[in-house]
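**Q** Could you have a look at this structure, given as structure tokens, before my questions?
Throughout, read-outs are computed from the coordinates displayed, never taken from laboratory work. Small disclaimer: the values here were computed from a predicted structure and weren't measured.
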Ligand SMILES: [Zn+2]
Ligand SMILES: [Zn+2]
């Protein structure tokens, strides 16, 4: 079983990791969680470590929804929890972590102001700095 397959099993909902055409419908994220359908959709046409990283993010959205986490009342905290989980889940998986770091760096300052705000907070943490050190990247 691959790391991606293992993570799919750990999701509290159903997962389609072959959601064809997703990249068309949703310009950037290429993955999303649909609470009413109880499904996570992940686009197929990306390398496995990147899909792992995307799934880690969407999985946290599913967990927060299912556990009625306080964050569900605030988009900002929802994204903060999802991004943080993405970082933590990939922490000991360098290929996945590389995508996560790239994801954070490219998402910041793009069309979603709430994402940017959450990332600004997260990218001040020790967790983020340690992740960069692991990949030997400059802060
Ligand atoms: Zn939460
Ligand atoms: Zn999200």
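**Q** Translational diffusion coefficient of the chain at 37 °C, 0.692 mPa s, Stokes-Einstein with Kirkwood Rh over Cα pairs, in µm²/s as a whole number.
**A** 218 µm²/s
**Q** Multiplying the sequence separation of residue 102 and residue 130 by 0.36 nm and subtracting their Cα-Cα distance, what value in nm do you get? Walk me through the intermediate numbers first.
**A** Working: separation 28, 0.36 × 28 = 10.08 nm, distance 1.49 nm.
Here the answer is 8.6 nm.
**Q** Expected output is a single nm value to one decimal: the length gained when fully extending between residue 66 and residue 121, i.e. 0.36 nm times separation in residues minus the C-alpha distance. What is it?
**A** Value of the extension gain: 17.3 nm.
**Q** Separate question: Once fully extended, how much extra length lies between residue 1 and residue 91, figured as 0.36 nm per residue of separation less the alpha-carbon to alpha-carbon distance?
**A** Separation in residues times 0.36 nm, less the Cα-Cα distance, equals 30.5 nm.
**Q** Calculate for the chain the 222 nm mean residue ellipticity that helices alone would give, adding -39,500 (n - 2.57) per DSSP H run of length 4 or more and normalising by residue count, nearest 500 deg cm²/dmol. Write down the numbers at each step before the final one.
**A** Numbers: 7 runs with 78 residues, N = 139.
Helix contribution divided over all residues of the chain: -17000 deg cm²/dmol.
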